[in-house]
Amino acid sequence: LVRRRFRHIVAFEDRLRIECAGAILHPRPDKHATRAIEEASTMQSVEFATQRAAEIQVWLNALVRHPLAGKSFSLKLFLSLQDDMGTAWPEVSSNALTRIGAVSGSAVQNVTDGNMPWEQNTPDALEDDAQMLALASSEGIRMGAVVQAVPKLEGSITLLREHGECAGAVGMEMGKLNKAVEAGDRDLGIPIDILSKGLLRYGRRQGRLALELSAAMNPFLSQYKLCKYEKMAFHDRRVALQKRVKERGRADFRAQKLMINQRAMHGPGHMGNLDRLASEASYSDEVAVGAVHQSDIIASIVKSEVNRVAFERRTEWSKSMKILCSSLKEATFENASTWESTRDSFLQAMFSVKPEKIR
């Protein structure tokens, strides 16, 4: 049995993204903005804890099935370490000084890497893979469309649900009106009762339709959240390109320094300095070659991950579209049947009421 807090999950995802650079990970559960007080409390309700545990379980299952994250050391450590995670990851340590030291070190490294003179080029200028450029362009257009369309679909379902609730509320009010009218004249209250029942049936059907559409929208919402992680994968590629340029610049600088000092130090007493400069130049060249190799690996991972996500998206969206269409078709037929029967019953009841009662 292992116990984890939400900060452990955040730290785990950060480490997983570093270990699996270029991978498109499954979106982790977010903090509930409307339940921030309960989330931070040590005395959480059973309902909240159960919901949170279910969300995290789905997320972990998706990571275990992931082709890269499922084999990572961070995942194995997160699932198997029974001690406090702070013993392995200082950024989540129970000691405040240890956490501050870890965060400060990470911030200094980020600032240092971000201010290198060879990183002044734009990310697109560094990309030399035509396939990656085309893939980034096409995926950028697609993700932009998804980010714009999915919230609109969610808003439409919300309006549909509210419309059903309003119809049900009007039906209930007409039911109250029917009781008041029937107290004076039962025949005159029959048409009102028929219309009230029609509105209630229509409201219930619209509410059920909204629920069915919300369930069918889950794959679209998943892709909407996944856009953020796909952008992170492309960002990993840009970081690798920047590191490649940086390490190549260092290697060239040390190689030039060695060439300049070879003649000046070619004499007794300077051979040790020449050996040191040669060793530094050789090491820098190896690091630069490794950076090139790492950037190529990340590019390959990004291409593979985009294809994997695209296949899952086509499969899941095709199933969801069938469910959406069938739900809308069924609801349309039922609503038409509801209002046709309501109309016929209403007209029959109206014609059965004596004219002097209508006046």
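The values are calculated or read from the model by the stated rules, or taken from the named source; none is laboratory data. Here the structure is a predicted model, which means the values were calculated and not measured. Backbone-built Cβ (ideal geometry, glycine too); neighbour counts: all protein chains shown. Only protein heavy atoms, including side chains, enter the accessible area calculation; ligands, DNA and RNA are left aside. Shrake-Rupley method; radii C 1.70, N 1.55, O 1.52, S 1.80 Å.
Check whether at least one residue in the range 255-262 is of a type outside the set (Asp, Glu), modelled with pLDDT of 90 or more and open to solvent by less than 60 Å² (accessible area, probe 1.4 Å), and report yes or no. No, the range 255-262 contains no residue that is of a type outside the set (Asp, Glu), modelled with pLDDT of 90 or more and open to solvent by less than 60 Å² (accessible area, probe 1.4 Å).
Take the range 67-88 and flag every residue that is outside any helix (DSSP H, G or I) and either in contact with a helix residue (DSSP H, G or I) (Cβ under 9 Å, 6 or more places away or on another chain) or charged (D, E, K, R) (or both). Hits for the range 67-88 are PRO67, LEU68, SER72, LEU81, ASP83, ASP84, ALA88. Going by the conditions given, is GLY207 farther than 24 Å from SER318 by Cβ, free of Cβ contacts under 8 Å to residues at least 40 places away in the same chain and not aliphatic (A, V, I, L, M)? In short, no. Looking at the structure I just gave you, is GLY198 on the phi < 0 side of the Ramachandran plot and crowded, with 20+ Cβ neighbours inside 10 Å? Judged against the criteria, GLY198 is a match. In the range 296-316, of all residues being hydrophobic (A, V, I, L, M, F, W, C) and surrounded by 14 or more Cβ atoms within 10 Å (Cβ to Cβ), the one that is farthest from ARG237 (Cα to Cα) corresponds to VAL309. When the residues of the range 1-38 are filtered to those that are modelled with pLDDT under 90 and of a type in the set (Asp, Glu), the one that is least open to solvent (accessible area, probe 1.4 Å) is GLU38. Residues in the range 13-25 that are assigned to a helix (DSSP H, G or I) and more than 16 Å from the chain's Cα centre (by Cα): ARG15, ILE18, GLU19.
Please determine whether any residue of the range 211-220 is among the small types (Gly, Ala, Ser), under 18 Å from GLU330 (Cα atoms) and open to solvent by 30 Å² or more (accessible area, probe 1.4 Å). So far as the range 211-220 goes, yes, one or more of its residues are among the small types (Gly, Ala, Ser), under 18 Å from GLU330 (Cα atoms) and open to solvent by 30 Å² or more (accessible area, probe 1.4 Å).
Summed over the range 305-333, residues that are in contact (Cβ under 8 Å) with a residue 40 or more places away in the chain and over 20 Å from ALA215 (Cβ atoms) total 4.
Any residue that is of a type in the set (Gly, Ala, Ser) and touching a residue at least 12 places away in the same chain (Cβ under 8 Å) - is there at least one of those in the range 221-228?
For the range 221-228, residues of a type in the set (Gly, Ala, Ser) and touching a residue at least 12 places away in the same chain (Cβ under 8 Å): present.
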